[in-house]
């Protein structure tokens with residue numbers, strides 16, 4: 001059953017999304033994103049790693065006081081929006097500047113979820129879930145396909161373990177815990193046929209059962225299983241069973257598990273609005289917080305719903321991500337999503353609010369989300385289906401805020417320590433334009449590289465050191481006035497020690513036609529004819545540039561590629577381009593950039609095909625970007641007053 005979308009509150013600011021959720025929950029989302037969020041973010045493109053195309057993020061706020069560590073995301077397609085995903089799904093580590101540190105694309109047709117660091121056999125490791133996710137309406141949102149598994153990878157990015165569910169269950173993506181006892185604890189799901197008429201469903205219905213399984217990592221033997229349907233009645237579900245057969249009901253939806261020092265489990269079930277403390281030894285439910293049969297009375301503001309990521313804190317406190325979204329047909333209230341800390345008084349069976357954290361502006365978050373308490377006391381929040389993540393002081397002051405492209409989301413976003421030591425060699429690419437050579441260097445996953453040293457010479461056995469440059473982002477561009485035959489790069493650590501050396505390669509020279517001339521033409525687009533390269537790639541101007549002067553360099557120039565002149569610059573025949581408006585300027589790196597009527601010209605890395613205009617109207621690097629027509633004027637998109645249509649095929653967890 002797919003029920004109609006219910007319109008939620010309209011927050012102030014820009015309308016960006018309206019979504020629906022299948023199988024008993026009707027919800028809408030009118031999200032408000034902070035300033036600059038209407039900028040189009042593209043996918044990264046690298047000279048040294050063309051197969052890696054993670055989505056870019058935009059850092060909105062970055063203040064002193066953030067905790068140490070890198071940012072871990074698992075970007076994938078938000079099924080609530082109709083626009084295509086930006087970049088590839090996969091496991092992504094970023095630094096505070098938003099630059100990739102390591103990226104592993106998910107295999108075609110699969111996603112990577114719950115990407116984080118843990119400890120295995122006394123060593124730090126990476127863990128994640130990988131598999132296919134079934135889209136509604138036939139099943140609940142986010143149901144894993146058969147064959148899904150958890151993976152454990154070493155600091156060298158080599159697979160150590162693959163963990164699968166047993167007893168007919170499928171490994172569920174929401175959680176994996178590696179224990180000190182050498183076991184793995186995780187949720188698992190399977191469909192069960194049942195008469196659901198007592199719950200408003202079909203007499204020949206199906207529901208998704210949830211279990212917690214524990215597997216010995218050495219032997220693969222199942223050592224513990226806790227079945228939710230055997231302990232929590234179906235009547236506790238806050239979603240109604242579908243009245244027709246053939247659609248699976250999701251009455252529980254376990255989405256987090258935590259383990260305390262005494263061995264008790266804390267389990268969050270989204271669709272009962274309940275948290276459960278469970279004895280790991282006996283499987284007994286010790287208490288329930290929230291939902292229809294709460295052991296505790298919830299004090300003012302302590303109620304929650306559709307929650308995620310429940311964690312034991314010190315003493316008598318627990319934390320969670322409280323989605324509280326969105327309006328239900330029965331008219332249940334909602335509030336903006338928040339990170340929430342509660343104190344439990346087991347003597348009086350009451351729960352009270354210690355502190356909470358909301359985004360400014362407030363966000364309606366239908367699915368997913370996490371709240372992480374960091375070692376320095378700060379709080380790191382991933383806003384789930386909203387493409388944002390933030391860090392706060394304990395008192396709630398915003399220190400850091402960043403966003404993904406609107407069509408992307410991350411199940412969890414975490415700040416974690418990590419030292420990566422890949423066994424692969426550093427990657428190198430060399431491009432030559434006239435007398436200038438640019439060497440590009442990267443090393444996917446290497447966290448200890450401080451600088452790159454370029455080696456060059458007439459042959460691989462006659463290399464000399466020619467330049468050292470500090471590492472800048474995932475891929476560092478090093479400009480040389482050199483026409484030597486072959487090149488290599490060495491990755492240097494903080495004290496100058498060589499960590500790795502690339503292969504020796506030759507420079508890639510431009511083709512004869514490109515070396516002799518650069519042709520600027522036009523291409524027909526939805527906004528009319530605009531300036532384009534000979535291959536049809538749209539050219540943009542940057543509103544922040546001065547006449548005949550570019551202010552886009554560094555990270556900006558890695559996203560907005562300056563159009564570099566090779567030889568004479570000319571207008572393509574019958575294109576409408578005015579030859580006398582064409583010219584060139586000298587950039588700070590020594591290259592020559594094409595200008596038109598004084599506007600430095602750029603291409604956008606997200607435009608992969610002729611006529612693509614993903615960069616049109618973007619607000620990035622301090623200014624707007626627009627396509628240019630043959631008169632030298634910016635081409636601005638028309639404003640749309642439409643409201644997005646509710647899409648019932650909404651992803652979610």
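The values are calculated or read from the model by the stated rules, or taken from the named source; none is laboratory data. Please read all numbers here as calculations on a predicted model, not as lab measurements. Note that we place each Cβ from the backbone using ideal geometry, even for glycine, and neighbour counts take in every protein chain shown.
For this structure, a couple of remarks:
- Complete set of residues in the stretch 257-269 that are surrounded by fewer than 24 Cβ atoms within 10 Å (Cβ to Cβ) and in contact with a strand residue (DSSP E or B) (Cβ under 9 Å, 6 or more places away or on another chain): 257, 258, 259, 260, 261, 264, 265, 266
- Residues that are part of a strand (DSSP E or B) and within 25 Å of the chain's Cα centre (by Cα) were ranked within the stretch 434-476; the one that is farthest from residue 49 (Cα to Cα) is 476.
- Here residue 573 meets the list (1) in contact (Cβ under 8 Å) with a residue 24 or more places away in the chain; (2) over 29 Å from residue 444 (Cα atoms); (3) surrounded by fewer than 19 Cβ atoms within 10 Å (Cβ to Cβ) almost entirely, failing just condition (1).
- Considering the stretch 557-583, the residues that are farther than 21 Å from residue 636 by Cα and in a helix (DSSP H, G or I) include one that is modelled with the lowest pLDDT, namely 558.
- Test for residue 402: is it in the same structural domain as residue 99 (by TED's automatic domain parsing) and either farther than 29 Å from residue 54 by Cβ or modelled with pLDDT of 95 or more (or both): yes
- Residue match in the stretch 593-604 (condition: modelled with pLDDT under 90 and either assigned to a loop (DSSP other than H, G, I, E, B) or farther than 18 Å from residue 55 by Cα (or both)): no
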